[in-house]
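Report on one structure; see the data block that follows.
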Amino acid sequence: MRFELRGVRIVGAVVMLGALTGCGSINSALTTGMADYVPQWAGGLPPDAPPRPGTARYDAYMQEQERLRKMPAAEREKLEAAKAAESGQPAPGAPAR
């Protein structure tokens, strides 16, 4: 009787360890796509986060960043001030009130 109980415990431990290793490999595959759908209040990406590499939106985003990088600083500051005025937030580099 004692031998059977020991065998059941060993089999149970092996099954539990197998389940744990399966969870680890599944989670690493799921987190790459599921993180995009977690709400911000629960620790997800903020609304102004750049798009993920490999998407069409990412290519457009990188082209826009390159265009802004090549733009003279005076024009870029005017553009940032106009965007800040639209959103109601202070422009970057503006003095705090």
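The values are calculated or read from the model by the stated rules, or taken from the named source; none is laboratory data. All figures in this text were calculated on a predicted structure; none of them were measured in a lab. Positions of Cβ are backbone-derived with ideal geometry, glycine not excepted, and every protein chain shown enters the neighbour counts.
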Listed residues 84, 73; which is surrounded by 10 or more Cβ atoms within 10 Å (Cβ to Cβ) and either at pLDDT 85 or above or not hydroxyl-bearing (Ser, Thr, Tyr) (or both)?
84
How do the pairs read when you match residues in the stretch 49-65 that are closer than 13 Å to residue 36 by Cα with residues anywhere that are modelled with pLDDT under 85, using Cβ under 9 Å and keeping only pairs 6 or more apart or on different chains?
52/32; 52/36
